[in-house]
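What follows is a single structure, written as structure tokens, with notes after it.
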Amino acid sequence: MKKLFCVVLVIVLSLAVVSCGKGGEENKEVFTPSLDKETAGEINVVGHYSNFEALEEEFNRFAEYYPNVVLKYTYLDNYKKIISTTLASDNAPDIYFTTPSWVAENSAMYEYAEDLSEPALKINLSCIRDGLLNKDPNGNITMVPIYTTTYGMLVNENIFAKEGLSIPKTYNELIDVCTKLKAAGYENPVMGYSNNTSLLYSLFFPHFCGAISGNEAAILALNALEPSAGEYMRGSLDLVADFMSRGFVNLENCNELKNDYDAVIKRFFEGDIPMMFSSGNTVSGTEKREIQSESFVANPFKYSFHPAPSTDQGGFFLNTISIGFSVNKNSKNLDLTNEFMRFLISTSELNLMAQNKRMVTPCKNMKLDEIYSSFGELSESSIIYVSNLGLADAPDQQVRKAGAQVTNGLMTVDEAVAKFGQFE
């Protein structure tokens, strides 16, 4: 099944310097067209989003430079299953969605992809965080990240201001803040969706990844599900046990949340939760739900998303690519498609796209979006790129389940460590 919408580009009244969202003069960028402005043609983008309003806006801005270009976005049902045959068809797209995990499962995704690092294309890859620029087996950069995500905690900044508290940046500060909030009468200083893995995931899993990052022996042992590799979880599970022992988390209240998206957002918007553990994917749904919450409409408050502080040095930025764009090297309109990619891949446009969908920008400059700006303050050593970590899915699931068992008081740390590789 396909649902096709076509955005016919129209000329905008004035050409303007492309602004970097909320950035100042230093963040402005100018796109200089390399083709004749009368160039006509069509660019087709395919993906698995049922609608893509943020991309439509990029189409419209591109129209300022090329009013005779038509851009189309096509939603493909069962995207991962049919993209290979779609790329091999007579109606192959010019641009298509990719992620590192999809490419690992389906080599056709990079076999059809153009090398976007080719100097002649003049695509500004330097604006993107280096760890997000994955290479294929031939050393080519065949995918550019458009949206990324991470894990952390939504913070009600009004509560912190009211109570005269600073948003915690270290684990000791988190404990101190929760203690003071509890004393001030907040029944739930922190909450989160409680299912098999999610409640403290934002706290312990980035911590675990930080502990094993760069440790090749640990990664090999974990991926082989060696029983002794459970010891690599111990520090993170000790963290879970310590946090849960302090009485800051009301499991019964957390269990009332039905999912980690709509239910979490609406509960947070009630306005009495200082901190809510969640993911960037959850945050992406907040803006559209503000008007759906009677509590938030009646008493709006400022909120933002922050790393969950898990060490004395702070938290981790566990960064995952949600969606990337690849260019079909067999495109019938390759020059025009590359021109659009050159326009799109800039701090200005990528940040605007991220803000429109409230996802995490792939750009080095994260200060332009105040919702996620705190992640941009972390040092490079605190950033962990999931696609570069090397952890396989099986040990990933084992760690999640071990963390959930300790969180819910169903296992001790020793028991969870000993069961590594045996969680079902």
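Quick look at the numbers
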{"quantity": "Residue in segment 295-316 that is more than 23 Å from the chain's Cα centre (by Cα) and in contact (Cβ under 8 Å) with a residue 60 or more places away in the chain present", "calculated": "yes"}
{"quantity": "Residue check, residue 331 of a type in the set (Gly, Ala, Ser) and over 18 Å from residue 73 (Cα atoms)", "calculated": "no"}
{"quantity": "Any hit, segment 369-385, residues being surrounded by 20 or more Cβ atoms within 10 Å (Cβ to Cβ) and in contact with a Leu (Cβ under 6 Å, 6 or more places away or on another chain)", "calculated": "yes"}
{"quantity": "Which listed residue is in contact with a His (Cβ under 8 Å, 6 or more places away or on another chain) and at pLDDT below 95, from 80, 135", "calculated": "80"}
{"quantity": "All positions within segment 115-168 that are in contact with a Phe, Trp or Tyr (Cβ under 7 Å, 6 or more places away or on another chain) and among the charged types (D, E, K, R)", "calculated": "136, 157"}
{"quantity": "Residue in segment 124-136 that is over 22 Å from the mean Cα position of the chain (by Cα) and surrounded by fewer than 21 Cβ atoms within 10 Å (Cβ to Cβ) present", "calculated": "no"}
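The values are calculated or read from the model by the stated rules, or taken from the named source; none is laboratory data. As the structure is a prediction and not an experimental result, all values here were calculated from the model. Positions of Cβ are backbone-derived with ideal geometry, glycine not excepted, and every protein chain shown enters the neighbour counts.
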